[in-house]
Amino acid sequence: MFLINCPYCGERDQSEFISGGEAHIARPKQPTELNDDQWAEYLFMRKNIKGVQFERWNHAHGCRKWFNVARDTSNDKIEKVYKMGEQPPKL
Amino acid sequence: MKNKYSIFSLIKNALSNHENWQRAWGDPEPKKEYDAVIVGGGGHGLATAYYLAKKHKLTNIAVVEKGWIGGGNTGRNTTIIRSNYLWDASAGLYDHALKIWEGLSQELNYNVMFSQRGVMNLAHNLQDVRDLKRRTHANRLNGIDAVWLETDEVKKFCPIINTSQDIRYPVLGGTLQKRAGTARHDAVAWGYARGADEMGVDIIQNCEVKGIKRNGDSVEGLETTKGFIKTKKIGVVAAGHSSVIANMAGLKLPLESKPLQALVSEPVKPIIDTVVMSNAVHAYVSQSDKGELVIGAGTDSYVSYTQKGSFNIVEETLKAILELYPIFSRMKMLRQWGGIVDICPDASPIISKTSIKGLYFNCGWGTGGFKATPGSGDLFAHTIANDEPHKLNAAFNINRFVSGDLVDEHGAAAVAH
């Protein structure tokens, strides 16, 4: 239960948003060249960090735009909100 | 040697004001070295230690627990036990556990209050009906007792359910597993702890793992808050914190840890004598022996280790409960809490060796691990002792995420992930 500061709409309750999971997992540039281990890494393996983690969120019940969030999963405190395509902040 | 619990020991101790009960398990300091160390003193971890000692004669072992035993998800779940899963591999795994549950109180000489009061899963739309009927057939092919109930039979089995066809999600029928039921969750941890302790297992509480020492491709020991413990075999049963431990060994797991909530009401007289689960509207409810309604809510959509969860999740569950059971409209909820569940992409667990020799993981139980506690411990003990999986947990290896041989149980998991 926490507030998220949507970069387009401002601060709203978390229940308006949908979590898109870990951010910055790049889609493979040449999928045909991946072996099974690399596919497993891309599709399934997650850092699942206890601490500050970079995530994607979607303002599903608002502007419906995607953006990134740096959030501490041990206390749900949001350190930074940044737009898609931007580099993760150094914290 | 532990004194046997019986009606006579109860009477004897009553005469001395219950002041002379023998301690159920010890509080040892860790030794320098063990043959195996289990990380995590919940039901699964303690059961693993118990079966390692009992079946595989490994008694120079320890369980390390960062808090107190049974204080994590073992003490936070809604205590439902059933084995009506769809796929053969899952049916084998969960029914193995259910069979152990049936004799567990006698085996442990500890009353785990296992009550086979039946578990009913409701269908609210045509697709639910098709899926649940299919699951019933699959269960019966695997020798698991499951029957399909029409709406009037649902009403007969649990009269307080609102089976009016005018409600938003009407009850169109349901499945019933009569051998399923509930157990007292704390007693499971305590019973296994007492049994393991008797066979010489060291149960070390308030001992948090801080690092895993590796020598190339094999493990050498654990850094803990109570010092370094040397061991060649480490079995990790850390539920929501599995990824944290894996990270210490340089491994990544296909898990996401999310809060799952539950709540109990004020105690009332017996009103519901079975367990009713509804996947579609997300409401499940049973009644504890104390009289509280035990209600399970859903998971949050985000990763969190806070053991709290969001209010809107509880609100949605209670809305569904009230539509299905109008009789509960004036019940007051007493307590609400969250547990951190480690969820696999296919909603099935991992009981497996890893790429590091001597490091084993039992995780990914997600929202439904309690029911599997005895079976999980038994099979994980087999895997650790033999360095090979038992045939019942062979399908639940970590490599299935590479081979693609997933065991998709999202339908039977009963909690929407």
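The values are calculated or read from the model by the stated rules, or taken from the named source; none is laboratory data. A quick note: this is a predicted structure, and the numbers were derived from the prediction, not measured. Cβ sites come from the backbone with ideal geometry, for glycine too, and all protein chains shown count toward neighbours. All accessible areas refer to the heavy atoms of the entire protein, side chains included, with ligands and DNA or RNA removed. Shrake-Rupley method; radii C 1.70, N 1.55, O 1.52, S 1.80 Å.
For the reader, a short list of remarks on this structure follows.
- For the chain pair A and B, the interface hides roughly 2100 square angstrom of accessible area in total, found with a 1.4 Å probe.
- Helices of chain B meeting both criteria, an alpha-carbon length of 15 angstrom or more along the long axis and an average Kyte-Doolittle score not below -0.5, with helices taken as full DSSP H segments, are B:43-56, B:88-108, B:311-324, B:373-386.
- Partners for B:Lys332 among aspartates and glutamates (Cα-Cα distance below 14 Å; same-chain residues under 8 apart left out): B:Glu266, B:Glu292, B:Glu315
- Leading residue at positive end of dipole, the protein assembly as shown (Cβ point charges), from B:Asn13, B:His185, B:Pro170: B:Asn13
- Averaged over peptide A:13-23, the number of partner chain Cβ atoms lying within 10 Å of each residue's Cβ comes to 3.
- If you count Lys pairs in chain A whose Cα atoms are under 24 Å apart, skipping same-chain pairs closer than 8 places in sequence, the total is 16.
- Magnitude of the charge dipole for region B:212-252, about its Cα centre and with charges confined to Cβ atoms of Lys, Arg (+1) and Asp, Glu (-1), is about 100 debye.
- Taking the helices alone, chain B has a mean residue ellipticity at 222 nm of -9000 deg cm²/dmol, built from -39,500 (n - 2.57) per DSSP H run of at least 4 residues and averaged over all its residues.
- Only lysine pairs 8 or more places apart, or on different chains, with alpha-carbon atoms under 14 angstrom apart are counted in region B:151-232, and they number 4.
- Legend: mean number of C-beta atoms from other chains within 10 angstrom of residue C-beta atoms, peptide B:239-245, equals 2.
- Modelled spin labels at A:Arg64 and B:Met333, positioned 7 Å past Cα toward Cβ, are 3.1 nm from each other.
- Burial order of peptide ranges B:237-243, B:112-118 (average beta-carbon count within 10 Å, highest first): B:237-243, B:112-118
- Computed on protein heavy atoms with a 1.4 Å probe, the accessible areas place B:Asp197, B:Asp300 in the order B:Asp197, B:Asp300, largest first.
- Charged-residue dipole, Cβ positions (Lys, Arg, Asp, Glu), region A:3-83 about Cα centre, Debye nearest 20: 280 debye
- With every protein chain in place and a 1.4 angstrom probe, the accessible-area ranking of B:Ile167, B:Ile81, largest first, reads B:Ile167, B:Ile81.
- Stretchable slack from B:Glu102 to B:Lys232, in nm (0.36 nm times residue separation minus alpha-carbon distance): 43.4 nm
- Euclidean distance between Cα centres, region B:54-126 to region B:164-206, Å: 6 Å
- In Hz, Karplus ³J(HN,Hα) per residue of region B:387-404 (6.51, -1.76, 1.60; θ = phi - 60°; x = Gly, Pro): 6, 8, x, 6, 5, 6, 10, 4, 6, 9, 7, 6, 6, 5, 7, 8, 6, x
- Electrostatic dipole magnitude of the protein assembly as shown [Cβ: Lys, Arg +1; Asp, Glu -1; Cα centre; debye, to 20]: 440 debye
- Long-range HN-HN contacts of B:Arg214 with modeled amide H, under 5 Å: B:Glu220
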